[in-house]
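Working notes for the structure below.
Since every read-out is calculated from the coordinates, none of them should be taken as a lab result. Computed from a prediction, not measured in an experiment: that's the story for all the values here. Cβ atoms come from the backbone with ideal geometry, glycine included; neighbour counts cover every protein chain shown.
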Amino acid sequence: MDDFDKDANKILEQLSHFFENFWADTDVDLFEDCLIVILPDGLQYLINKHGPTHQIWISSPFTGGHHFKQKQDTWIHTRTNEQLEHFLQHEKNNHAS
């Protein structure tokens with residue numbers, strides 16, 4: 001397993017805990033390279049690692065597709081340079097019911 005796989009698996013595990021602990025009443029399932037988060041209203045996030053590009057891809061039910069690339073120890077949005085943690089906090093603050 002290369003560094004990308006280790007780091008991507010680690011962030012997927014951290015994201016599963018984020019949704020379980022900080023986004024009430026979500027159903028969180030982590031299957032190998034894919035995290036599925038079902039919100040209370042049935043909307044879903046799909047988060048997966050994309051090996052060929054060494055990115056984390058997020059499909060948001062609110063804002064569409066987003067790609068994050070690791071820079072040192074931080075995952076950064078490839079278009080906006082926003083940190084992954086800030087992106088998800090923004091999603092939660094603007095869309096949590």
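Can you say whether Leu15 is outside any strand (DSSP E or B) and either among the aliphatic types (A, V, I, L, M) or touching a helix residue (DSSP H, G or I) at 6+ places or on another chain (Cβ under 6 Å) (or both), as far as the supplied structure shows?
Against the criterion (outside any strand (DSSP E or B) and either among the aliphatic types (A, V, I, L, M) or touching a helix residue (DSSP H, G or I) at 6+ places or on another chain (Cβ under 6 Å) (or both)), Leu15 qualifies.
Remark: pairs (first residue in segment 35-47, more than 26 Å from Lys10 (Cβ to Cβ); second residue surrounded by fewer than 13 Cβ atoms within 10 Å (Cβ to Cβ); Cβ separation under 6 Å; 6+ apart in sequence or on different chains) = Pro40/Asp25.
Of the residues in segment 4-15, how many are touching a strand residue (DSSP E or B) at 6+ places or on another chain (Cβ under 9 Å) and surrounded by fewer than 18 Cβ atoms within 10 Å (Cβ to Cβ)?
5
Can you name the residue in segment 30-68 that is small (Gly, Ala, Ser) and over 19 Å from His90 (Cβ atoms) and is also surrounded by the fewest Cβ atoms within 10 Å (Cβ to Cβ) among such residues? Top of the filtered list is Gly42.
Enumerate the pairs (first residue in segment 62-82 and more than 25 Å from Leu39 (Cα to Cα); second residue anywhere and charged (D, E, K, R)) with beta-carbon separation below 8 Å, excluding pairs fewer than 6 apart on the same chain, so at least 6 apart or on different chains. Listed pairs, sorted by first residue: Gln70/Asp7; Thr78/Lys69.
Filtered by the rule that a residue be under 12 Å from the mean Cα position of the chain (by Cα) and under 20 Å from Trp23 (Cα atoms), segment 66-91 gives His66, Gln83, Leu84, Glu85, His86, Phe87, Leu88, Gln89, Glu91.
Selection of segment 20-34 for residues being touching a Lys or Arg at 6+ places or on another chain (Cβ under 9 Å), of a type in the set (A, V, I, L, M, F, W, C) and either without any contact (Cβ under 8 Å) to a residue 60 or more places away in the chain or part of a strand (DSSP E or B) (or both) yields only Cys34.
Screening Asp27 on (1) surrounded by 14 or more Cβ atoms within 10 Å (Cβ to Cβ); (2) over 21 Å from His67 (Cα atoms) shows it passes everything except condition (1).
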